[in-house]
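Scroll down for the structure; my scribbles are underneath it.
The values are calculated or read from the model by the stated rules, or taken from the named source; none is laboratory data. None of the values given here were measured: they were computed from a predicted structure. Cβ placement follows ideal geometry from the backbone for every residue including glycine, while neighbour counts extend to all protein chains displayed.
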Amino acid sequence: MTTNLIKRGVLAAVTAVFMAGTAIAADVKSIAIMTPEEGTDFGWNQQGVDAAKAAAEAAGIEVIVASGLGYGDVRPALREIAADGASLIIAHASGYATSAPEIAEETSVPVAIVDSPQALKAGLVADYTLSGHEGAYLAGRMAAKMSRSKHVGIVVSGEPPSWNSQSAGFAQGVKAENPEVKITYAVIGPAAYSDAAGGRRVTESVIAAGADIIFGQGNGSSFGMLQAVETTAAADGGKVLFIDVIGDKTSVGKGFLLSSVVWDITPVYAAMIKDLQDDTFGTKRYAIGLADDSVKLLKTDEIPDDVWTDVQAIREQMLSGEITIEPVFEATAVRALMTDVSAAAQ
């Protein structure tokens with residue numbers, strides 16, 4: 001009789017675990033994404049929104065998009081989205097990394113945040129501090145090959161970990177291709193992500209210092225960078241070229257857009273949905289890279305065929321392990337890689 005009770009108890013426990021897993025999967029009915037700027041920037045905000053829509057569609061669930069929320073206190077928006085029944089809230093801005101976990105604790109709705117890898121909490125908080133450093137390294141190699149003045153610039157709207165790793169990767173690529181190429185590094189401000197006027201002003205100063213290729217990371221401020229590139233001649237009177245990040249601005253920068261380190265965040269969000277279903281959310285980190293094309297360089301008409309061929313050969317060396325690039329997330333370490341750090345970055 002005791003044996004039968006034990007058997008029944010084990011069977012009940014197994015059934016409970018199975019049903020719990022089923023319930024968790026059934027509960028993932030929708031995800032929400034919150035962005036500080038509108039999802040029309042061809043960059044961080046748009047790629048996040050597009051990826052959330054694609055991942056939700058693939059999973060057969062709904063998506064809630066809350067865009068243009070700014071960089072202030074988003075706790076009311078988080079509470080509202082949680083009350084609307086979202087199974088996961090993606091807080092797609094480094095500035096949301098404090099408030100989102102607080103509201104997750106308050107509402108028991110899981111959140112995904114960026115730039116806070118130490119904040120993982122099983123079942124509740126996941127971090128996706130992504131790094132496009134491999135693509136940025138390729139962009140640096142290409143820039144060093146193509147710069148007429150042997151002087152390139154990096155302009156950033158802040159120094160979050162994701163920007164830092166790409167700035168470092170770009171600088172490492174430049175120096176690996178040609179140690180004689182000068183790199184001027186400039187920061188618009190501590191969190192100048194939407195400052196288009198500042199982006200234009202700082203980029204103009206970097207061009208005036210001699211750079212003829214600009215690697216820009218800026219969300220909305222990147223439109224100001226692109227304006228500076230389009231309206232400011234290089235020291236030799238020729239045009240300046242721009243390398244963007246995350247999205248594809250070909251439609252607005254044709255003739256001046258050299259390339260972009262394009263990100264596809266869809267696999268990351270798809271993995272989050274699966275982790276929620278598998279009850280492993282908040283126990284792992286997520287990555288993007290060259291191997292699955294979630295990071296890749298954009299090919300434009302501004303890139304000569306021979307240069308593109310060379311860059312693709314370098315990509316193959318990276319995929320084979322012949323060349324390895326580790327991400328550098330600390331701002332002080334990034335600045336140490338630069339030839340010249342402008343006053344704006346001090």
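If you go through the range 43-81 and pick out every residue that is surrounded by fewer than 23 Cβ atoms within 10 Å (Cβ to Cβ), under 18 Å from the mean Cα position of the chain (by Cα) and assigned to a loop (DSSP other than H, G, I, E, B), you end up with 4. Out of the residues in the range 130-171 that are in contact with a helix residue (DSSP H, G or I) (Cβ under 6 Å, 6 or more places away or on another chain) and basic (K, R), state the one that is surrounded by the fewest Cβ atoms within 10 Å (Cβ to Cβ). That would be K145.
Taken residue by residue, the range 174-184 has at least one member that is more than 17 Å from R335 (Cβ to Cβ), in a helix (DSSP H, G or I) and over 19 Å from the mean Cα position of the chain (by Cα). Taken over the range 243-267, the criterion of being assigned to a loop (DSSP other than H, G, I, E, B) and within 18 Å of Y193 (Cα to Cα) is satisfied by G247, D248, K249.
Counting the residues of the range 58-109 that are at pLDDT below 95 and of a type in the set (S, T, N, Q) gives 1.
In the range 300-310, how many are surrounded by 13 or more Cβ atoms within 10 Å (Cβ to Cβ) and either in contact with a Ser or Thr (Cβ under 9 Å, 6 or more places away or on another chain) or farther than 22 Å from H133 by Cβ (or both)?
Of the residues in the range 300-310, 3 are surrounded by 13 or more Cβ atoms within 10 Å (Cβ to Cβ) and either in contact with a Ser or Thr (Cβ under 9 Å, 6 or more places away or on another chain) or farther than 22 Å from H133 by Cβ (or both).
For S260, the conditions (1) buried (at least 21 other Cβ atoms within 10 Å of the Cβ); (2) of a type in the set (S, T, N, Q); (3) at pLDDT below 95 are fulfilled apart from (3). Looking only at the range 120-140, decide whether some residue is over 30 Å from D275 (Cβ atoms) and without any contact (Cβ under 8 Å) to a residue 40 or more places away in the chain. The answer is no; no qualifying residue exists. Of all the listed residues (V206, V174), the sole one being more than 26 Å from G95 (Cβ to Cβ) and buried (at least 20 other Cβ atoms within 10 Å of the Cβ) is V174.
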